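Working notes for the structure below.
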Amino acid sequence: MLDRRQIDAVVSMALDEDAPHGDLTSQVLVPAGVTATAELVARESGVLAGIEVFAAAMTALDDRVEVDAFLEDGETFAPGDVVARVHGPARALLQSERVALNLVQRMCGVATTTRAYVRAVEGTGARVVDTRKTTPGLRALERHAVRCGGGHNHRFSLSDAVMAKDNHLAVVGSIGEAIRRARAELPHTTHVEVEVDRLDQLDEVLDAEPDTIMLDNFSLADLVAGVRRIDGKAVVEASGGITLETIAGVAATGVDVISVGALTHGVRSLDLGLDVVVGS
């Protein structure tokens, strides 16, 4: 789950990147004592994610900055909606503005995209999950945004579970033997998943009793056949090139989980703006 330590690490890095020696423009144009009030305004419809991240970025440079949020993560907004109001020293607001917007816009884009995918599979029982195809350094934020959109998270990192993919299997040879060796070394609590890309691999994989079997880049007909052959012996995950146009058909095959890299790596940041409404 997203925590303040993760948020502060990202915000600190981003602010240092954007103004390593301060905001030269604000320093020479804005007197030190000037305060301002600004509103975070939606320019288009979407799902909110990252309001805590936005607030952390806006308050990071000066603890006199105050942020009042009018919506919570997971709620929807329409064009013209005021999502939050910020008040404090103008220099701090202006220096934090771009970083705060970049992060919340990106997170809202992920949440809004995820919401569309989740709605496309409603009534099927299939769970929409993300992948590790995240922006380097922003995984915790993007994974949180997926949850705000109603999706679920796959393993967070390579350290969290065993997931034998095609390149692993090309190295180790026998699928079944590799899984059995892993089982012998792992704690009983560790989840084991195996990716297959052909139906004829299933018998050997099933004999090794993994927890999840990923059917990668299968046709719809082969997904149906794979679900039938697995027959409840493992969680069935579908993956590979799944789009908003195709996900409903994939869900209808009876798979349990659908992993979609496009939730994080293919999204467009939503358009939100920070408008100064009062300066003094």
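The values are calculated or read from the model by the stated rules, or taken from the named source; none is laboratory data. Quick caveat: nothing in here was measured; it's all calculated off a predicted structure. Counting neighbours? That spans all protein chains shown, and the Cβs are built from the backbone with ideal geometry, glycine included.
For segment 72-93, how many residues are among the charged types (D, E, K, R) and out of contact with any strand residue (DSSP E or B) (no Cβ under 8 Å at 6 or more places or on another chain)? Residues meeting the conditions: 3. Taking (1) within 18 Å of the chain's Cα centre (by Cα); (2) crowded, with 17+ Cβ neighbours inside 10 Å in turn, L223 satisfies each apart from (1). Can you go through R64, R5 and tell me which one is of a type in the set (K, R) and touching a residue at least 24 places away in the same chain (Cβ under 8 Å)? Among R64, R5, only R64 is of a type in the set (K, R) and touching a residue at least 24 places away in the same chain (Cβ under 8 Å).
Taking the stated definitions as given, is T37 over 16 Å from L270 (Cβ atoms), out of contact with any helix residue (DSSP H, G or I) (no Cβ under 8 Å at 6 or more places or on another chain) and either assigned to a helix (DSSP H, G or I) or not assigned by TED's automatic domain parsing to the domain that holds E245 (or both)? Yes, satisfied. For segment 148-160, the set of residues classified as of a type outside the set (F, W, Y) and in a loop (DSSP other than H, G, I, E, B) consists of G149, G150, G151, N153, H154, R155, S157, L158, S159, D160, listed by residue number.
Taking the criterion of being in contact (Cβ under 8 Å) with a residue 24 or more places away in the chain and either basic (K, R) or touching a helix residue (DSSP H, G or I) at 6+ places or on another chain (Cβ under 8 Å) (or both), the residues of segment 229-251 that qualify are R229, I230, K233, A234, V236, A238, L244, I247, A248, G249, V250, A251. Looking across segment 126-147, just one residue is assigned to a loop (DSSP other than H, G, I, E, B), over 19 Å from I242 (Cβ atoms) and among the small types (G, A, S), and that is G137. Exactly one residue out of H144, H152 is buried (at least 19 other Cβ atoms within 10 Å of the Cβ) and at pLDDT 95 or above, and it is H144. Filtered by the rule that a residue be of a type in the set (K, R) and over 21 Å from D16 (Cα atoms), segment 65-103 gives a lone residue, R85.
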